[in-house]
Each structure stands twice: as structure tokens, then as C-alpha cells.
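Asks: Handing you a structure now.
The values are calculated or read from the model by the stated rules, or taken from the named source; none is laboratory data. Keep in mind that what you see is a predicted model, and the values were worked out from it rather than measured. Here the Cβ positions follow ideal geometry from the backbone for every residue, glycine too, while neighbour counts run over all protein chains shown.
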Amino acid sequence: MKTSLVLAALATTTLALAAGAEGQKKQTRPEGFWIAFGAGYSSLGASCDQCASISRTDGIAGQVRLGTSLSHSLLVGADVESFNKTEGGKWAKSANWTAALYWYPLETAGLYVKGGAGLATFNGTINGYSVSGTGIGATGGLGYDIRVSNGFFLTPTASYFYGSVGDINTGSVGVLKGWKQNVFNIAIDATFP
């Protein structure tokens, strides 16, 4: 709970500072090659054939995005978005590795909507076993590029990613069948065009 409050305060402060900076600069968006790194709040929900629905749990969001512009309003990129949690010797990491499109619907604003598909992974400890699995995933979300300087944007983002991982295995022994996960991330990215 404390982590969530700290991250919410950090996001609010960053947005307030960025809004002030945006008022002083003409709004632009990344063009050509760009790369972004971010962190924030994450929430994971999961289910499997034997366990129905598992209660949502909070964690830390991490993300890396990179790509290039196809036009002034359309960018293409690769995303890695993750959920991370360690508590009491147990840990979990869920990620989507996605090929994504970013569409800017407004000519002069930094707002974008994104969507994509790729791989979903889960790694962690369940009942004392180290487990892992890989399947298919999809991602959707939105963000807003706030220009701070010519070579730097702050980008608040919200995204949802889903993964149909299948069987979660420890070695060659199936532990949980039909693992599905869904993650909601709220983060602040540093974007460099």
C-alpha cells in the first residue's frame, strides 16, 4: 500500500512539473528514431484451469519502448512492459514483448493510442517451486508526450496487457495448466527522440 501511495505522489508531481514545462514549449512529438524508459505502479490478475481466479496483487511496473515514425501521426515500435513483485522470499515477474503501433489522433497534441501483439511470459515462485511459461499476448494503452526540451519528453502512460501463457512449468513438470494473466500499468516514461 505504501508503494502505491509513493508512486501516485511521484506521478502527480511529475505531471504538475511537466504541465508547467509544456506551457513554455511548443508541443511536438517524437519523430525519427525514439526510445523510452519508464516505471510506475502495476496490478496483476491471473487465473488457471485448477485455480479459477487469483486475487489481484500490486507491484512495480517497468517498461522499455523503442521505434521510429512512419508518418507524423503514426509510429511503430517494440514494447517490453512488465509487472514485478518480491515479497517474503517469493517473487513474480510477468511481461509482454510486443510489436506495437502508436497513433496520434490530434494534429498538434502529444496524445497517442497504442495497440499490439506478441509474446507473454510469467516467471516466479509458486508453492516453493521456481516456475516459468511463455505464450501469446496483446497490449493496448494510451500516453501523452510532454515536451520538456528538444531532446526529451516526459510521457505519462496507462496500459493493459493480457497473456495466455498456457502451462506454467517447473522443468518438464507442468504445475499449473491454462495460465492466463492480465496486467494494468500506470507509469511515467522518459522519452528521447
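Asks: Residues to consider are Thr139, Thr155, Thr108, Thr98; find the one that is assigned to a loop (DSSP other than H, G, I, E, B), in contact (Cβ under 8 Å) with a residue 60 or more places away in the chain and within 23 Å of Pro193 (Cβ to Cβ). So that I can check it myself, show each step before the final result.
Replies: Values: Thr139 fails: assigned to a loop (DSSP other than H, G, I, E, B); Thr155 fails: assigned to a loop (DSSP other than H, G, I, E, B); Thr98 fails: assigned to a loop (DSSP other than H, G, I, E, B).
Within the list Thr139, Thr155, Thr108, Thr98, the selection yields Thr108.
Asks: Still on this structure, please answer the following. Check off (1) at pLDDT below 95; (2) assigned to a strand (DSSP E or B); (3) under 21 Å from the mean Cα position of the chain (by Cα) for Leu5 and give me the number that stays unchecked.
Replies: That leaves (2) as the condition not met.
Asks: Is it fair to say Gly171 is free of Cβ contacts under 8 Å to residues at least 24 places away in the same chain, on the phi > 0 side of the Ramachandran plot and out of contact with any Ser or Thr (no Cβ under 7 Å at 6 or more places or on another chain)? Walk me through how you get there before you give the answer.
Replies: Values: free of Cβ contacts under 8 Å to residues at least 24 places away in the same chain: yes; on the phi > 0 side of the Ramachandran plot: yes; out of contact with any Ser or Thr (no Cβ under 7 Å at 6 or more places or on another chain): yes.
Here the answer is yes, as Gly171 does meet what is asked.
Asks: A further question on this structure: State whether the residues of the stretch 147-162 include one that is in contact with a Lys or Arg (Cβ under 8 Å, 6 or more places away or on another chain) and surrounded by fewer than 15 Cβ atoms within 10 Å (Cβ to Cβ). Reasoning before the result, please.
Replies: Step one: of the stretch 147-162, the residues in contact with a Lys or Arg (Cβ under 8 Å, 6 or more places away or on another chain) are 147-149, 153, 159, 162.
Adding the requirement that they be surrounded by fewer than 15 Cβ atoms within 10 Å (Cβ to Cβ) leaves 149.
Among the residues of the stretch 147-162, at least one is in contact with a Lys or Arg (Cβ under 8 Å, 6 or more places away or on another chain) and surrounded by fewer than 15 Cβ atoms within 10 Å (Cβ to Cβ), which makes the answer yes.
Asks: From Ile168, Ile136, grab the single residue that is surrounded by 15 or more Cβ atoms within 10 Å (Cβ to Cβ) and within 19 Å of Gly45 (Cα to Cα).
Replies: Working: Ile136 fails: surrounded by 15 or more Cβ atoms within 10 Å (Cβ to Cβ).
Going through Ile168, Ile136 in turn, just one is surrounded by 15 or more Cβ atoms within 10 Å (Cβ to Cβ) and within 19 Å of Gly45 (Cα to Cα): Ile168.
Asks: Something else now. Which numbered condition in (1) exposed (fewer than 14 other Cβ atoms within 10 Å of the Cβ); (2) of a type in the set (D, E, K, R); (3) modelled with pLDDT of 95 or more is the only one that Lys114 fails?
Replies: Among (1) exposed (fewer than 14 other Cβ atoms within 10 Å of the Cβ); (2) of a type in the set (D, E, K, R); (3) modelled with pLDDT of 95 or more, the lone unmet condition for Lys114 is (1).
Asks: Oh, and also: Any chance the stretch 78-88 includes a residue that's closer than 30 Å to Asn127 by Cβ and part of a loop (DSSP other than H, G, I, E, B)? Steps first, please.
Replies: So in the stretch 78-88, the residues closer than 30 Å to Asn127 by Cβ come out as 80-88.
Then drop every residue that is not part of a loop (DSSP other than H, G, I, E, B), which leaves 88.
Within the stretch 78-88 (the criterion being closer than 30 Å to Asn127 by Cβ and part of a loop (DSSP other than H, G, I, E, B)), the answer is yes, since at least one residue qualifies.
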